[in-house]
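Student: Have a look at the structure that comes next, please.
Please treat every number below as a calculation from the coordinates, not as lab data. Because the structure is predicted, anything quoted here is derived from the model rather than measured. So basically every Cβ, Gly included, is an ideal-geometry build from the backbone, and we count neighbours across all protein chains shown.
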Amino acid sequence: MPVCLLLTPPPVVIVIAADADGPSNNHICCSITDGNQGNPFTIDPTLGEVKEVRPLDREISGYTLTVQASVNGSPPRINTTTVNIDVSDVNDNPPAFSKGNYSIIIQENKPIGFTVQQLVVIDMDSSHNGLPFLFMIMTGNEDNAFEISQQGIITTAIQLKRKVKDHYLLHLKVADNGSPQLSSLTYIEIRVIEESIHPPPILSLEIFITAFGEEYSGGVIWKVHATDQDVYDTLTYSMDPEMESLFSVSSTGGKLIAHKKLDIGQYLLNVTVTDEKFATSAVITGFLQQLPSGSYGNEKPKQKKQKETRELSVNRRN
Ligand SMILES: [Ca+2]
Ligand SMILES: [Ca+2]
Ligand SMILES: [Ca+2]
């Protein structure tokens, strides 16, 4: 005669509830009252067995269940406990590039080892199913012009010449450290253009700043502006290091920032802008003036501090 067996998964955990009262008052009923988002778990009300009723995904959630044991006696009594469930990881997510594909412009004659692109890759699995990644250039690396490190940094392996080859299309692969291993692909298009031929001009200028008292409280005071006729050049700003205690300039935006309180007076700042090939400098003169005392509210006029002039830096880097 055939025998039918009903196989059920083992419980994740068994919650044991006990009651010291007599038989008429010790019928315990267990239930999950909180933390069961999406209802992946059930509990046997009598046995206290917690079971999963559908597959769990570590990347979606861990679970902290609140389990309640109640007794329908007179009076009814309730108690609760907390069950923490950690979901162990399987490698079910491939490493993913931050972009579907990349388009990059690079000037010719950059030194060997110049960084073309830092690839950003994300893997949702836990560390042993993600890092370390394995990067490979699958096709398109003609003349072995590029290399890729295992940190995902693409660098030049030769000095690129626009007249020799001005366009590359690399087909890249990244694989994770999981088992079985998962991977993703991307393309990176690289166009080689001429070197920079125009220096970025920057003009000397004077800035007048008004303080509501005998000193200025700091902050952004100006945006240094430079232009470059080489349309793909990226400009970087810097300032004489001697001025760093008082001022700085943001390297990409040219924002001129006063770090702390400044006394009334005159400041000379030497700012440099570079397009990686050329560097030009200019002196920016800041005049910090005090607003006349009658012009701000009803404050009691303060003794006017003698105006001072300070030349803090006149060094040029050409
Ligand atoms: Ca993975
Ligand atoms: Ca996973
Ligand atoms: Ca330029």
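Student: Could you please give the count of residues in the stretch 82-116 that are under 30 Å from Ile14 (Cβ atoms), away from ligand 2 (no atom under 16 Å from the Cβ) and surrounded by fewer than 14 Cβ atoms within 10 Å (Cβ to Cβ)?
Tutor: 2
Student: From the set of residues in the stretch 48-77 that are among the hydrophobic types (A, V, I, L, M, F, W, C) and part of a strand (DSSP E or B), which is farthest from Met124 (Cα to Cα)?
Tutor: At the first step, the residues of the stretch 48-77 found to be among the hydrophobic types (A, V, I, L, M, F, W, C) are 50, 53, 56, 60, 65, 67, 69, 71.
Retained after the next criterion (residues that are part of a strand (DSSP E or B)): 50, 65, 67, 69, 71.
Working: Val50: 27, Leu65: 24, Val67: 30, Ala69: 37, Val71: 43 Å.
If we take residues in the stretch 48-77 being among the hydrophobic types (A, V, I, L, M, F, W, C) and part of a strand (DSSP E or B), then Val71 is farthest from Met124 (Cα to Cα).
Student: Counting just the residues of the stretch 122-136 that are surrounded by 17 or more Cβ atoms within 10 Å (Cβ to Cβ) and free of Cβ contacts under 8 Å to residues at least 60 places away in the same chain, which one comes out farthest from Phe97 (Cα to Cα)?
Tutor: Asn129
Student: How many of the residues in the stretch 233-290 are farther than 14 Å from Gly219 by Cα and within 25 Å of the chain's Cα centre (by Cα)?
Tutor: Residues in the stretch 233-290 being farther than 14 Å from Gly219 by Cα and within 25 Å of the chain's Cα centre (by Cα): 9 in total.
Student: Can you list the strands (runs of 3 or more DSSP E) lying wholly within the stretch 88-187 that have 3 or more residues being within 16 Å of ligand 3 (Cβ to nearest atom) and over 21 Å from the mean Cα position of the chain (by Cα)?
Tutor: Answer list for the stretch 88-187: 101-107.
Student: Still on this structure, I have one more. Go through (1) outside any strand (DSSP E or B); (2) within 16 Å of ligand 1 (Cβ to nearest atom) for Thr234 and report which single condition fails.
Tutor: (2)
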